[in-house]
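> Before I ask anything, here is the structure I am working with.
Computed from the coordinates by the stated procedures, all read-outs in this text should not be read as laboratory data. Please read all numbers here as calculations on a predicted model, not as lab measurements. Methodologically, a virtual Cβ is constructed for each residue, glycine included, from the backbone with ideal geometry; neighbour enumeration extends over all protein chains shown.
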Amino acid sequence: LPESIAQTEAFENLLAANSGRLQHVARCYAFGHEVEDLLQEIHLQLWRSRHSFAGKSQINTWLYRVALNTAISFKCRRRQATISMEHPERLPANSDTDGSMHLLYEFLQSLSEVNRSVLLMYLEGLSHAEIAEVLGSKTNAVAVRLNRLKRAFENRYVEDSA
Amino acid sequence: MNWDSIQTSWQKAGNPLDASTIGRLVASAEQRDRELHQSVRRRDRIETTVALLIAPFFAFFTWIALGKSLWLAAAASALLSAWSLFVPWRLRQVRKLQPDPTSSTDMLTYLRAEKEATQAQYKLLHGILCWYLGPAGIGVILLFFGIRGWSAASFYYSLAVLALYLIIYLGNRRAASRNIAPKIEQIKCQINEISRGEEP
């Protein structure tokens with residue numbers, strides 16, 4: 001059917017444009033072989049909710065609402081692996097940002113689900129208003145939370161930041 | 001730290017997928033969606049079929065028992081007939097509460113719906129005596145007494161049923177407390193965290 005083909009093509013384009021974001025969500029909420037399972041679950045839920053996607057202006061909030069709600073439910077159902085945080089590696093204050101990516105993952109995985117969502121969406125470039133819309137929270141509250149998260153990261157991983 | 005460059009590096013780190021992988025992912029999502037839909041329909045069909053088979057059986061037995069003036073057996077089989085229709089209805093009501101991530105609602109609303117659904121599951125398991133074991137146990141014991149009369153066999157049968165139901169009851173209460181109650185607490189914490197909008 002032409003309509004279903006068009007829908008499939010539109011969905012393929014959507015996945016192609018956002019595959020990096022979705023992989024980040026999956027890696028932040030699952031561990032090891034479960035990353036692939038969560039990614040598939042997110043794809044399934046996005047596919048099932050494709051009719052509710054109303055237009056380009058809402059793509060960020062729509063995508064993250066579906067992906068994060070799926071990730072949180074997924075995490076609730078599975079046992080969480082734990083990460084040792086006893087001796088975190090530290091970065092020099094003028095560190096190359098590329099070197100801090102794995103520490104960011106480690107930091108994200110040590111956070112609560114809500115804080116993880118906030119920092120993840122910030123890193124993906126969503127505005128405070130968009131993050132608040134995904135969470136169902138207030139823009140000011142998101143700004144305060146983000147500042148505290150940034151400080152927490154710097155205190156934990158960056159030398160001479162305390 | 002320069003968070004703008006961290007943002008840029010983070011966004012570059014996501015690996016874009018090639019067209020064939022995207023096609024495979026979409027095909028897999030389509031296939032899983034179809035399977036999920038089919039399995040939900042199959043489960044609903046089985047539950048309805050079992051209820052529609054058992055309920056008329058006990059209803060017919062009620063009619064027979066009434067004809068033979070077996071009042072206790074008639075009352076017990078009427079209870080079992082009503083119970084066999086009530087159980088799938090009750091299960092479906094609780095299942096309907098489960099939030100659907102595809103509704104793309106905000107996280108706070110989603111978590112509130114999930115809390116409600118999880119609490120309903122907790123009540124379902126915790127209160128299994130009232131809606132499942134109680135009516136079924138009373139029904140089968142009274143039915144046996146109604147047919148066999150007050151005999152030693154009826155007594156031992158009742159004891160066996162009660163022992164079995166006690167095990168099921170304790171198992172369900174344990175599952176509710178160990179598996180579902182912590183989940184409810186976890187969801188409550190998440191809701192509070194968003195509602196407060198405070199410290200990380």
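> When the expected Rg is taken as 2.2 N^0.38 Å, what fraction or multiple of it is the alpha-carbon Rg of segment B:35-79?
1.66
> Put +1 on the Cβ of each Lys and Arg and -1 on the Cβ of each Asp and Glu in the protein assembly as shown; which of A:L149, B:W131, A:S52 then has its Cα farthest toward the positive end of the dipole?
B:W131
> Given the options B:V87, B:V26, B:V140, which has the most mean-square fluctuation in a GNM of chain B, springs set between C-alpha atoms less than 10 angstrom apart?
B:V26
> Could you tell me how far the Cα centroid of segment B:1-72 sits from the Cα centroid of segment A:19-70, in Å?
Cα centroid to Cα centroid, the span is 19 Å.
> Can you give me the orientation-averaged projected area of the convex hull built on the Cα atoms of the protein assembly as shown, in nm²?
For the protein assembly as shown, averaging the hull's shadow over all directions gives 23.4 nm².
> For chain B, set up a Gaussian network in which alpha carbons nearer than 10 Å are linked by springs, and say which option among B:I22, B:I141, B:I184 fluctuates the most.
B:I22
> What is the gain in length, in nm to one decimal, between B:N192 and B:A175 on full extension, counting 0.36 nm per residue of separation less the C-alpha to C-alpha distance?
Extending this stretch completely gives an extra 3.6 nm.
> Spelling out what I want: for every residue of segment B:51-66, take phi, set θ = phi - 60°, compute 6.51 cos²θ - 1.76 cosθ + 1.60 (Karplus), and round to whole Hz; glycine and proline get x.
4, 6, 7, 6, 4, x, 4, 5, 5, 5, 5, 4, 4, 5, 4, 4
> When the Kirkwood radius is taken over all Cα pairs of chain B, what Stokes-Einstein diffusion coefficient follows at 10 °C and 1.306 mPa s, in µm²/s?
73 µm²/s
> Here's another thing I want to ask about it. Quickly work out the A:R148-to-B:D44 label distance, labels modelled 7 Å from Cα along the C-beta direction, and quote it in nm with one decimal.
4.4 nm
> Another question, if that's okay. Beyond 15 Å, what share of the Cα-Cα pairs of segment B:91-200 is found? Please give it as a whole percent.
72 percent
> In what sequence, highest mean first, do A:16-28, B:66-78 appear when ranked by Cβ atoms within 10 angstrom?
Ranking the peptides A:16-28, B:66-78 by packing returns A:16-28, B:66-78.
> Under the rule of at least 5 residues apart or a separate chain, name every residue whose amide H is placed under 5 Å from the amide H of A:V158.
Those lying under 5 Å, H to H, from A:V158 are A:L91.
> Please sort A:102-112, B:89-99 by packing, taking for each peptide the average over its residues of neighbouring beta carbons within 10 angstrom, highest first.
A:102-112, B:89-99
> Hey, another quick one. Looking at the square roots a ≥ b ≥ c of the eigenvalues of the Cα gyration tensor of segment B:155-199, which shape do they give, rounded for a/c under 1.5, prolate if a/b is larger than b/c, or oblate?
It comes out prolate by the Cα gyration axes.
> Where the centre of each part is set by its Cα atoms, how far does segment A:133-158 sit from segment B:147-200, in angstrom?
About 39 Å separates the Cα centre of segment A:133-158 from the one of segment B:147-200.
> Anything over 18 Å Cα to Cα? Flag those among A:K75/B:K115; A:K75/B:K96; A:K75/A:K150; B:K96/B:K123, in the order listed.
Among A:K75/B:K115; A:K75/B:K96; A:K75/A:K150; B:K96/B:K123, the Cα-Cα distance tops 18 Å for A:K75/B:K96; A:K75/A:K150.
> Among the chymotrypsin sites (Phe, Trp or Tyr not before Pro) within segment B:94-200, which fall in a DSSP loop and have no more than 13 other Cβ atoms within 10 Å of their own Cβ?
Counting only loop positions with at most 13 other Cβ atoms within 10 Å, the chymotrypsin sites (Phe, Trp or Tyr not before Pro) in segment B:94-200 are B:W150.
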